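S.K.: Supplied in structure tokens, the structure appears directly below.
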């Protein structure tokens, strides 16, 4: 049963945006974990294989500015809620965080040395999640890439 886990750190210093020190490192999940369980059973000249995998990804920030109040400048910024923004430009970055999610995959196959047929399903519970955010302030925000929906199928493998 293979299993892995990883934690990420915080920004120590940022000379361009000093108020971001202590924030999470962007584009890195706060915590990730993976676990897989596989069972193999001989049946005569054949082999039955069943496998289940689970992957969890924690909250992920996609910008160095996170829950910070961005100081207003000549070019905008500052929180809109207190009226300090210039020309209606807000310094709101809280939406650059993606929630944590977990994905479960399963496989069931039968075969021999020369062939194998395997049924699989990825994202079994059809978890809706954001796979990636590409910050693009020059285009008015970000490009958000949704995660893969449930996908099932059959693989056929032939060795010769």
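The values are calculated or read from the model by the stated rules, or taken from the named source; none is laboratory data. Here the structure is a predicted model, which is why all the values come from computation and not from measurement. Glycine also receives a Cβ, built like all others from the backbone with ideal geometry; neighbour counts cover every protein chain displayed.
S.K.: Please work out which one of (1) part of a loop (DSSP other than H, G, I, E, B); (2) surrounded by 16 or more Cβ atoms within 10 Å (Cβ to Cβ); (3) at pLDDT 85 or above is the condition residue 126 fails and give its number.
M.R.: (2)
S.K.: Out of all the residues in region 42-51, is one or more under 19 Å from the mean Cα position of the chain (by Cα) and surrounded by fewer than 17 Cβ atoms within 10 Å (Cβ to Cβ)?
M.R.: The answer is no, given that none of the residues of region 42-51 is under 19 Å from the mean Cα position of the chain (by Cα) and surrounded by fewer than 17 Cβ atoms within 10 Å (Cβ to Cβ).
S.K.: For region 1-104, list the strands (runs of 3 or more DSSP E) that sit wholly inside it and hold at least 2 residues that are farther than 30 Å from residue 156 by Cβ and at pLDDT below 85; which are they?
M.R.: In region 1-104, the matching strands (runs of 3 or more DSSP E) lie at 3-7.
S.K.: Still on this structure: Give region 131-159 a look and list any residue that's surrounded by fewer than 15 Cβ atoms within 10 Å (Cβ to Cβ), under 26 Å from residue 34 (Cβ atoms) and at pLDDT below 90, or say none.
M.R.: 131, 132, 134, 144, 145
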